[in-house]
1. How large is ³J(HN,Hα) for each residue in region A:315-330, as worked out from phi by the Karplus curve 6.51 cos²θ - 1.76 cosθ + 1.60 (θ = phi - 60°), to whole Hz, x for Gly and Pro?
2. Can you tell me the relative contact order of region B:300-426? Whole percent, Cα pairs under 8 Å, sequence separation 6 or more.
3. Contact order normalised by length for chain A, with contacts defined as Cα pairs under 8 Å and 6 or more residues apart; what percent is it?
4. Taking every pair of alpha-carbon atoms in region A:336-426, what share in percent sits in each 5 Å bin, from 0 to the bin with the longest distance?
5. Which far-off residues, 5 or more places away or on another chain, put their amide H under 5 Å from the one on A:GLY90, with H placed in the peptide plane?
6. Shielding of A:33-43 by partners, i.e. mean partner chain Cβ atoms within 10 Å per residue?
7. Beyond a 24 Å Cα-Cα separation, which of these cross-linked pairs lie in this structure: A:LYS83/A:LYS374; B:LYS125/B:LYS190; A:LYS203/B:LYS11?
8. Just to be sure I understand: of the beta bridges DSSP finds with both ends in chain A, what percent are antiparallel, rounded to 5?
There are 2 protein chains.
Amino acid sequence: MPDAVSLIHVKRDNARPLTGPEIGWLFAAYAAGEVADEQMAALLMAVYLNGLDSAELRAWTGEMIASGERLDLRGLDRPSVDKHSTGGVGDKVSLVLAPLVASCGAAVPMLSGRGLGHTGGTLDKLESIPGWRASLGNDELLRALAGVGAVIAAAGSGLAPADRRLYALRDVTGTVESIPLIASSIMSKKIAEGTGALVLDVKTGSGAFMAQREAALALARTMVALGEEHGVRTRALVTAMDAPLGRAVGNALEVAEAVAALSGDGPDDLMEVTFALAGHMLELAGIDADPRQAIASGRALATFRRMIAVQGGDPDAPLPAAAHRQRALRAPASGWVTRLDARAVGVAAWRLGAGRARKEDPVSYTAGIRCQAKPGEYVRRGEPVLELYADDPARFGPAEEALDGALTIASEPPPAAPLILDQVGG
Amino acid sequence: MPDAVSLIHVKRDNARPLTGPEIGWLFAAYAAGEVADEQMAALLMAVYLNGLDSAELRAWTGEMIASGERLDLRGLDRPSVDKHSTGGVGDKVSLVLAPLVASCGAAVPMLSGRGLGHTGGTLDKLESIPGWRASLGNDELLRALAGVGAVIAAAGSGLAPADRRLYALRDVTGTVESIPLIASSIMSKKIAEGTGALVLDVKTGSGAFMAQREAALALARTMVALGEEHGVRTRALVTAMDAPLGRAVGNALEVAEAVAALSGDGPDDLMEVTFALAGHMLELAGIDADPRQAIASGRALATFRRMIAVQGGDPDAPLPAAAHRQRALRAPASGWVTRLDARAVGVAAWRLGAGRARKEDPVSYTAGIRCQAKPGEYVRRGEPVLELYADDPARFGPAEEALDGALTIASEPPPAAPLILDQVGG
């Protein structure tokens, strides 16, 4: 019979891959309290530094899925397809994409987590809509999917509970940024939610979790392989996250921008990423439809409104607005914006109150940033590039500090930079 | 201010050495419960895999020393010098060496731990003497040192308590076998005990913790440097541990062999190692004396008897003997013993009851093994090379399994193998 210290030794020494039965024993013993948190922490660090090969990762992910329930969406009258983003600044794509793809005939079971750090969380954004609630029981979820076609909700505690516990442990033990551990965490939840197909938006650049494109590509490949191995048709796009996506960063601000996008008035970069992802989702779902037409016809917006209403939200209620506004990041010279650092803007929005440092922290729905100018646009000397919003004006100072050096102005416009960098799978 | 996750990241990524203040914060926060066991476990694995440089190790060891009291032996009327062995099979050198060197005029403050695994612990051996107790208060310790000159006792809980906690954590997290962590664990306790000089016996070979000579040498160099940095004159010998040292393995059996050695009747290999270590100890202590003469005159044995008596032991009481004996490991052919595997003999003695698997387990004082033949000696076909002793005859079977393949017989005697392999320092 395996024991924890022996398995830690195997991974620590990179002696050989852990076997499926060993990984199965490990998860069972961890769940039973026979493997302690400190033992799992040591193993996670060894995994961080020595990796998991594809067979180990398949078994590891399989144990995370098997630790909980797996939803069955095959009873729906349409194909299911989901999207997951690794997180970016101003990334409100889910809010647009879920109703958009649903309005084209797919079921989109988008079970999601909370935001942590400088990238926002989809649930936090939707909670800025008066009355909207994130938690749904499995029955409610299936009813919403059958009725509206799209649901964005909190992943229930029954889905991959081993991932929940491991993620909390990784968070405090410095073992978050590991490609196999990230891949298994994301994919275990997506596979357990029962989606038939999945498109991944793996962000890369200063505002992304994976700053380096090669690392983002490796993560994309790892996740696509995991999805396919578990019977989920999976594709990934690697997309640029060097500047905020769209102009709004912050919960209610992003909801407003998403509604504008669904109304046909979305910013170009947001729409480019949204339509690219929608195209792949529809293709994987086997649906021949034009997402642009779904927006132009108003069907996507109507689906969004029903999706909000079904979870108690009032789509006609005004969104909350911040008490204070401050202009920031004035252009030091007239010229073209060549860089507006996504990470700096994300950290500033976080400091304004839009994000949380610890998972038990509350977020402000109104805090955030609007970008008056983005890369490729011309600004005059002294013109503020950002508008900051906060309920507490004491937050403006620390936010502005985060923005130091975030802007680059040049006398020539920057070359066109592609947003969609790579495709994996399909 | 540092935080645990950031320090883990630094070590995980091998980004730069941790600073002294960072290591100081880490130990203080761990003691205060602000750094959790799982965080320390992840850091220990990162240290295991990425190492500690000499400045980090000096600071790390310094924090372990500073976590408790540091004894002051400078009030004694003679120089203090200690010996520490990394542990071997049949290694009863301490029992002979402490009274021997004390009888030559040094003070030997030998504070020791318990045995774990297949190597025995000095305290376990002495506890087989009726009445003897391992625990002494600091006052008793100093009185014994002043009176007898040698004391072998349990290291009190006040010495390097951070090491005690870290060692327990390393034991369950697969992070024991790390040269910097072993070196800091050993040296923090030896420096805290206040000895003015120290000779290290770093064992290498099948029966040693460090099977590879290069690793043993690296550990020896690391410990000598740490000792010198903290003001303790330190030397190390790397010695062979391929076969049991002497003929006795097991607690009371080893005490009897040590008494024989102190009476001038010790096995050659045991005496060679003992005299080599004694010579270095006396040289470091600045004492010009002949340890052979101390044995021949009976002074060393007299000191042993007083050392035992001062801790409640009766040096005249008969040692306990096992209820059952079994001959084992019969020679498959007549010839010369060229190999008697130390590790196999150690594991067999452990299974007979001489050692413990967990630190809370009891040990049997009587269980053990006597080697009737050792490498370099001639045996006849069918002759048993070992005698096994146990209180419970059910233990003979598992012990004999451990001995499978432990013996090699050849038609020629083996070449003479040196016991003292390397010297570091001095």
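The values are calculated or read from the model by the stated rules, or taken from the named source; none is laboratory data. The model shown is predicted, which means the values in this text are computed figures rather than measured ones. Because the Cβ atoms are built from the backbone with ideal geometry, glycine has one as well, and the counts that use them run over all protein chains shown. These area figures cover heavy atoms from the full protein model, side chains too; ligands, DNA and RNA do not enter into them. Shrake-Rupley method; radii C 1.70, N 1.55, O 1.52, S 1.80 Å.
1. x, 9, 5, x, 6, x, 10, 6, 6, 10, 10, 9, 7, 8, 6, 6
2. About 36 percent, as a whole number.
3. Contact order relative to length: 20 percent.
4. Per 5 Å bin, starting at zero, the Cα-Cα P(r) for region A:336-426 comes out as 3, 13, 20, 19, 15, 12, 10, 6, 2, 0 percent.
5. Excluding prolines and chain starts, which carry no amide H, the hits are A:GLY120, A:LEU245, A:GLY250.
6. 6
7. Beyond 24 Å: A:LYS83/A:LYS374; A:LYS203/B:LYS11.
8. Roughly 55 percent of the DSSP beta bridges within chain A come out antiparallel.
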